[in-house]
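The structure under discussion appears below in the form of structure tokens.
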Amino acid sequence: MKTILLAGGAGYIGSHTAVELLNSGYNVVVVDNYANSCPESIKRVEKITGKKVALYEADVKDKSKLEKIFSENKIDAVIHFAGLKAVGESVKMPVEYYRNNIDTTLSLLETMKKFNVGNIIFSSSATVYGEDNKVPYTEEMKRGTCTNPYGWTKVMMEQILEDTAKANPDMSVILLRYFNPIGAHESGMIGEDPQGIPNNLMPYVAQVAVGRRDHLTIYGNDYPTPDGTCRRDYIHVVDLAKGHVKAIDYVFTTKGVEIFNLGTGTPYSVTEIVTTFERVNNMKLKYEYGPRRQGDLPESYANADKAYRLLGWKTEKTLEDMCKDLWRWQSNNPNGYKK
Ligand code: NAD
Ligand code: UD1
């Protein structure tokens, strides 16, 4: 049985991926410093799957801690989720973002080399397409110009991983470019639990619905889109997690670098998201239209054909599923993992 190390695995996407890996017969080791998560998510992963996770509290920048983990477990592949991801915060704290996101990557690569582990999957983002490419995005497009330090860390880490693979032909590196992950596990036991005021649309919607925020502001309705609001490629987090299992299966069969978009290929507008959430959950959400948010693009969506061709992966869940599952998680856990 192969063992996968999830760096940053207690977070939103990592915890959902842990469930799917365990259900597919992989062993899972998680290392997290709980900068944006808590160990409760992994307890719930164990409850959902009935399987054990080896859980370590450590900073992934800390190589001595990583070495201990690699010596106590025979790691076959790493999935690198560990990173800071709040775009606005990255503009205010660029040095912390570059330090955390780049150093976690370098420490992982150095430790992998020391322990002769050559397989790594990296959590990249559609943000690397930047402002210069045209939708739908395809993997061979050049990385674009980003509007914030968070985006630049993803661009830089992709470059670091590509250079490392070039210098080490035995390595297998997969860069997964996520579009907009939303929703939660259908059990309602794990989901996204942002600290403070949510930056992203869906956690904000869920907190308005549960009464933690008064109303949603829709950022701009004068974009060149069918209803004037921005369009994004929202993907159910469980579909995304299953994409990681396919990527792990694949990473053991190949060498070099492969890049995959993980998205549905279908964009929805902010207004469509809000009305779908209201309809499927049978409620009214308080919202108003406000000015545009700086740095937002009118549209972002994937061409996801490559993941289907090479990994045999495509999304299965609908926007209705995403909205229902999100609400099940939020209404069962109004304060997230806190009691
Ligand atoms: P998350 O914040 O829920 O998960 C990231 C995890 O990494 C957290 O548990 C955090 O505590 C941990 N972490 C951060 N720095 C660490 C460090 N130095 N040492 C140990 N652990 C550390 O975020 P997520 O939504 O699950 O995202 C996972 C990855 O996917 C991130 O790299 C993120 O940038 C990327 N991504 C996310 C999205 C999205 O919309 N959620 C989109 C594109 C890419
Ligand atoms: C954002 C980041 C992106 C990052 C991704 C995942 C920006 C510019 N981009 O993508 O780099 O990879 O999150 O973390 O921040 N919206 C509202 N009201 C809100 C919140 C959002 O109308 O309160 C709108 C936005 O204008 C956007 C859409 O909802 O059109 C989705 O926003 P969000 O969830 O923040 O994702 P992105 O902006 O696509």
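The values are calculated or read from the model by the stated rules, or taken from the named source; none is laboratory data. Remember, it's a predicted structure, so these values are computed and weren't measured experimentally. Here the Cβ positions follow ideal geometry from the backbone for every residue, glycine too, while neighbour counts run over all protein chains shown.
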Of all residues in the stretch 7-28 being in a strand (DSSP E or B) and over 15 Å from LYS43 (Cβ atoms), which is nearest to ligand 2 (Cβ to nearest atom)? ALA7
Has the stretch 204-217 got any residue that is under 18 Å from TRP329 (Cβ atoms), surrounded by fewer than 17 Cβ atoms within 10 Å (Cβ to Cβ), more than 13 Å from ligand 2 (Cβ to nearest atom) and of a type in the set (D, E, K, R)? yes
Can you tell me which residues in the stretch 234-266 are over 18 Å from the mean Cα position of the chain (by Cα) and surrounded by 19 or more Cβ atoms within 10 Å (Cβ to Cβ)? TYR250, VAL251
Of the conditions (1) within 18 Å of ILE120 (Cα to Cα); (2) within 13 Å of ligand 1 (Cβ to nearest atom), ASP76 fails just one. Which one is it? (2)
When only residues in the stretch 181-200 that are in contact (Cβ under 8 Å) with a residue 60 or more places away in the chain and in contact with a Phe, Trp or Tyr (Cβ under 6 Å, 6 or more places away or on another chain) count, which is farthest from ligand 2 (Cβ to nearest atom)? GLY188
Which of the residues belonging to the stretch 111-149 are within 16 Å of ligand 1 (Cβ to nearest atom) and of a type in the set (Phe, Trp, Tyr)? PHE122, TYR129, TYR137
Answer yes if at least one residue in the stretch 3-13 is touching a helix residue (DSSP H, G or I) at 6+ places or on another chain (Cβ under 6 Å), of a type outside the set (Gly, Ala, Ser), within 12 Å of ligand 1 (Cβ to nearest atom) and modelled with pLDDT of 95 or more, and no otherwise. yes
Name every residue in the stretch 194-203 that is within 13 Å of ligand 1 (Cβ to nearest atom), out of contact with any helix residue (DSSP H, G or I) (no Cβ under 7 Å at 6 or more places or on another chain) and on the phi < 0 side of the Ramachandran plot, in order of residue number. GLN195, ASN200, PRO203
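Here is a yes/no grid of residues against (1) modelled with pLDDT of 95 or more; (2) within 22 Å of SER123 (Cβ to Cβ); (3) part of a helix (DSSP H, G or I):
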| site | (1), (2), (3) |
| --- | --- |
| VAL257 | yes, yes, no |
| THR276 | yes, no, yes |
| LYS284 | yes, no, no |
| GLU288 | yes, no, no |
| ALA307 | yes, yes, yes |
| LYS317 | yes, yes, no |
| CYS323 | yes, no, yes |
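Listed here are the residues, each with its yes/no results for (1) within 20 Å of GLY83 (Cβ to Cβ); (2) without any contact (Cβ under 8 Å) to a residue 12 or more places away in the chain; (3) surrounded by 16 or more Cβ atoms within 10 Å (Cβ to Cβ); (4) in contact with a helix residue (DSSP H, G or I) (Cβ under 6 Å, 6 or more places away or on another chain).
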position: THR105; (1), (2), (3), (4): yes, no, yes, yes
position: LYS113; (1), (2), (3), (4): no, no, no, no
position: ASN116; (1), (2), (3), (4): no, yes, no, no
position: SER125; (1), (2), (3), (4): yes, no, yes, yes
position: GLY130; (1), (2), (3), (4): yes, no, yes, no
position: TYR137; (1), (2), (3), (4): no, no, yes, yes
position: THR147; (1), (2), (3), (4): yes, no, yes, no
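Take ARG213 and tell me if it is basic (Lys, Arg), modelled with pLDDT of 95 or more and either assigned to a loop (DSSP other than H, G, I, E, B) or within 16 Å of ligand 1 (Cβ to nearest atom) (or both). Give the derivation first.
Numbers: basic (Lys, Arg): yes; modelled with pLDDT of 95 or more: yes; either assigned to a loop (DSSP other than H, G, I, E, B) or within 16 Å of ligand 1 (Cβ to nearest atom) (or both): yes.
The answer is yes for ARG213.
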